[in-house]
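A short worksheet on the structure shown next.
The values are calculated or read from the model by the stated rules, or taken from the named source; none is laboratory data. Since the model is a prediction, treat every value here as computed from it, not as a measurement. FYI the Cβ positions are ideal-geometry reconstructions off the backbone, even for glycines, and counts take in every protein chain you see. Just the protein is used for accessible areas: all its heavy atoms, side chains included, with ligands, DNA and RNA removed. Shrake-Rupley method; radii C 1.70, N 1.55, O 1.52, S 1.80 Å.
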Amino acid sequence: MHQSIIKLPFFLLAFISIGAINAQVKKAKLIEGESIVSEFKTGEKHQYAISLKDKQFAFFKLMQNGIDLKVITYNPQGEKIAEFDSPNYRNGNELFTITSEKPGAFLIEVISIDEKDHSGDYALSVHSIKPKAVSINDKVDELFTIWNTNNSPGASVAIVQNGEIAYKKGYGMANLEYDIPITPASVFHIASVSKQFTVFSILLLEKQGKLNLDDDIRKYISEVPDFGKTITLRHLASHTSGLRDQWNLLSMAGWRMDDVITKEHVLKLVSRQKELNFNPGDEYSYCNTGFTLLAEVVARVSEMSFAEFTKANIFNPLKMNNTLFYDDHEKIVKNRAYSYSSASNGYKKSVLNYANVGATSLFTTVEDLSLWAMNFKNLKVGDSKLIEKMNTLAILNNGKTFGGALGQFVGDYKGLKEIQHGGADAGYRSYLTRFPEENFAVAVFSNAAEFNPGNIAHQIVDIYLEDKITIDQKPKAVIEESQTETVAINENLLATYVGAFELQPGFIITVSANDTQLSAMATGQPMVSLNPISTTEFEVEGVDAKIEFMTNDGKPIELLKLHQGGQIMDAKRVEEFDMSSVVLSDFSGDFYSEELATTYHFTVVDDALIASHSRLSDFSLIPTKNDMFNGQAWYFGQVEFVRDENNLIKGCKVTNGRVRNLYFEKVN
């Protein structure tokens, strides 16, 4: 799964306004069946009003064309209802809904989360308005209204309550070329939800006395290099191994994610690595590599393929008859749903050719996954000690936890204990959440890249467990349609937060202010905004992280702190870098990585340093400080050049979200 996280040095934030509405506001009234087309520039905010009657449900479509937009909805009292931002970047639909409890004029705000000085256009329409659902199952169906069509991909859902499936249904199409609808029996690739089955398999072998979670991985897979530190199976199962992530490495090496990628490819890549991101157990960093290795441990210890082991020891006993680990990209699977992504002119196929298992590649149905969810309460496979071990939070070397257990995440949702994991590969999206104390679970799958299964699953939880939710979720007032409001943060104080701050050598967080809106841009990442929780603390929306500004008696601050994953990381103020002082020709040449077995060519074109690779699109390298560059490709986020004793460039180290300091030697 390509899961987005905040983890040094990968800094990914969400965009949210914290102050007055930008002066560039366009207001119009929306009418059912009519479409509004508008141009849009970064920094603008467009507002639209829609009049709804008592207890109505409205469904909207906003088609992005060349610019990445987000939609925020507000009730007639100016209280924020929800935000909608699909991961389809600059092209494709933002689909959203509003449900009215009372009649009134609801507000829709369109903002950009794109780069500065970027423009595009969009078309906004009211697709339908109908009475709000009343029965519990109709309320669930209402959540999937957007996808319940015969001309789009869709979703399937199964709801487990008290040891049985309380509701299941399919929406939309499993195959757009042959008009095959999705049903609860449709087979989906569920990406990283696969990981809990990999951990369960390891624990079954431990129960049989064939291995121990605290064994060194090299005891079973000698191809893993000796990094001078012991990496245990437990480290792999809890994302604390320090290994570099396989998908990031493959991307850096020039692989496309629709290439055929086998277990052998991943193992060979791992065998060539010379460094870890960090010492095992020191940090949490989501790592798919660890689960590919765990699956291979299962295969070598059991003397069966991983697919065979899981079928014999998990799927058959639980009667998960439509479930398999897909280790052969040419294998035919009956009732399979294919994946898609949206574009300005409709949908495109999102091709997946994985032939590797453990981190991903479980094929299953929501019906079958419900049987798996039931097994955690009514045991047919495993035992209570195994389940308890799997559900227990992992502990870092510093004694702290970070929300991760073994192959899943444990936390709190509105006062209820939740154990969950999501998945995303190609256009597939999946989410399984369990509430063990309520004997309740929800599985949601989709074959549309812009689908948010976690959001839908939690809305289903809100419907079914309404009486057990203990936290007041009343929305906070943010804006009114006819007036502007400001958050109670002094503009002069915000001005002291503006500047460049270095989180690690070459990794800069640049804080800026536009009116009373505070934004941040980190090395290799887009401009984003922060959500204030106090005058000095700003929450990173959508992830468990915050930025704390250390005030300096009214003068510009010298330090900010990033709180994330049980760690507090300092970023000190640095002077802004004069890019004109860089002699770009110094950095030209061919750079080869032995670890990736690949070469990049850096050359100066039109006063810019351009990186080229035989299988990738060219991208630019932007200087950020002496011998430091920001790569304009996600897999080349930060480039630090290294000089020899004669002050000549001899190589560079490349860092991205899940790979740190991978070395390239200058060979020409």
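Annotations for the structure displayed:
- Under 18 Å from residue 132, Cα to Cα: aspartates and glutamates that are on another chain or at least 8 residues apart: 32, 54, 101, 141, 142, 462, 466
- Packing-based ranking of 105-112, 207-214 yields 105-112, 207-214, ordered from highest to lowest mean Cβ neighbour count within 10 Å.
- Span-like helix criteria (full DSSP H runs; alpha carbon extent of at least 15 Å along the helix axis; mean Kyte-Doolittle hydropathy of at least 0.5) are satisfied in the chain by 195-207, 289-302.
- Packing-based ranking of 427-433, 329-335, 397-403 yields 427-433, 397-403, 329-335, ordered from highest to lowest mean Cβ neighbour count within 10 Å.
- For residue 187, the amide hydrogen comes within under 5 Å of the amide hydrogens of 336, 337, counting only partners 5 or more places away or on other chains and with H modelled in the peptide plane.
- Using the Karplus relation 6.51 cos²θ - 1.76 cosθ + 1.60 with θ = phi - 60°, the per-residue 3J(HN,Hα) values for segment 395-411 come to 10, 6, 4, 7, x, 9, 9, 9, x, x, 10, 9, x, 7, 10, 10, x Hz, with x marking Gly and Pro.
- The Cα center of segment 236-301 and the Cα center of segment 616-668 differ in position by 22 Å.
- Above-threshold pairs, the threshold being 18 Å between Cα atoms, out of 80/102; 168/311; 414/468; 195/417; 168/349; 139/414: 168/311; 195/417; 168/349; 139/414
- What the chain shows is 42 Å² of accessible area per residue, with the surface traced by a 1.4 Å probe over protein heavy atoms.
- Here the extension length gained between residue 328 and residue 135 equals 65.1 nm, from 0.36 nm per residue of separation less the Cα-Cα distance.
- Basic side chains Lys and Arg get +1 at the Cβ, acidic Asp and Glu get -1 at the Cβ, and with that the dipole of the chain about its Cα centre reaches some 1660 debye.
- For the chain, the relative contact order is 15 percent, taking Cα pairs closer than 8 Å that sit 6 or more residues apart in sequence and dividing their mean separation by the residue count.
- Using the Cβ of residue 161 as centre and a radius below 14 Å, the other residues enclosed give a net charge of -1, where K and R count +1 and D and E count -1.
- In terms of the mean number of neighbouring beta-carbon atoms within 10 Å, the peptides 408-416, 637-645 order highest first as 637-645, 408-416.
- For residue 229, the lysines whose Cα comes closer than 21 Å to its Cα, not counting residues fewer than 8 places off in the same chain, are 219, 268, 274, 400.
- For segment 186-254, the Cβ-based charge dipole about the Cα centre amounts to some 100 debye (Lys, Arg positive; Asp, Glu negative; other atoms uncharged).
- Listed values for segment 549-561 are Karplus-derived 3J(HN,Hα) couplings in whole Hz (6.51 cos²θ - 1.76 cosθ + 1.60, θ = phi - 60°), namely 9, 8, 4, 9, 6, x, 8, x, 5, 9, 8, 10, 10, and x replaces Gly and Pro.
- Only Lys, Arg (+1) and Asp, Glu (-1) charged, at Cβ; segment 232-308 dipole about Cα centre in debye: 180
- Unit charges at the beta carbon, dipole of the chain: most positive-side option, 36, 248, 217: 217
- Apportionment of accessible area to carbon and sulfur, the chain, percent (1.4 Å): 46
- Charge sum, other residues only, whose C-beta stays under 9 Å from residue 361's C-beta, Lys/Arg counted +1 and Asp/Glu -1: -2
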